[in-house]
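Below is one structure, written out as structure tokens, with a few remarks after it.
Nothing in this text is a laboratory measurement; each read-out follows from the coordinates by a stated rule. Note that the coordinates shown come from a computational prediction; the quantities given were computed from them, not determined experimentally. Note: ideal-geometry Cβ built from the backbone for every residue, glycine included; neighbour counts use all protein chains shown.
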Amino acid sequence: MPLQIPEVSDSDAEVEQFFWDFMNDPIEAQIETQIRAQIEAEQRGTSTQYRRFRRRHIERDRGAARDRLMSDYFVENPVYNDFQFRRRYRMKRHLFLHIVQTLSSWSPYFCQRSDAIGKVGFSPLHKCTVAMRMLAYGTPADMWDENLRIAETTIIECMPFVEVSLSVLVLHT
């Protein structure tokens, strides 16, 4: 028995024409071209649609902030006396220095280090000062940037260490 090929009906021809028009639609081709161009731009790194978010670097002059903090509170003849220190830090100077020393010996985070390009980081006094003041006053992290020249993210990194160390100190006293 020979194989019989059915004749194409009008409805089959219409379906084929529909698919032909759909596949060769000029608008569809334009969209496809735009998508290909976007993919190529992303691969080359020239795309503006999905550019990576970059942090803005702010030169804070850490050295000057550290020097000001030292001259205000931690030199032999500080600008602010013991009474003012206690009022601002909510503790006596010797207790604060003990906390700083304990944190520095307990966690490498509180040791002053240099970054990859050799820039000296914040001192343990600096990090503890801002964290303790946040705890004492209940202030947001970004409040201390203007005075102590330390970024909000750095302050937030300090907080868990300070909270843990304070709870350990309270348990041992």
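Sequence gap at least 6, Cα distance under 8 Å: using those rules, report the relative contact order of the range 71-118 to the nearest whole percent.
Once normalised by length, the contact order is 15 percent.
Filter the trypsin sites (Lys or Arg not before Pro) in the range 99-132 down to the DSSP loop ones having no more than 13 other Cβ atoms within 10 Å, then list what survives.
Those satisfying the criteria are Arg113, Lys119.
Could you give the length gained on full extension between Glu76 and Gln30, defined as 0.36 nm per residue of separation minus the Cα-Cα distance, in nm?
9.0 nm
Rank these for me by crowding, Arg90, Arg133, going from fewest to most other beta carbons within 10 Å.
Final ranking by Cβ density, sparse to dense: Arg90, Arg133.
Starting with the fewest neighbours, write out Leu103, Leu125 ranked by other beta-carbon atoms found within 10 Å of each beta-carbon.
Leu125, Leu103
Just rank Thr153, Thr102, Thr129, fewest to most, by other beta-carbon atoms within 10 angstrom.
By the 10 Å Cβ count, ascending: Thr153, Thr102, Thr129.
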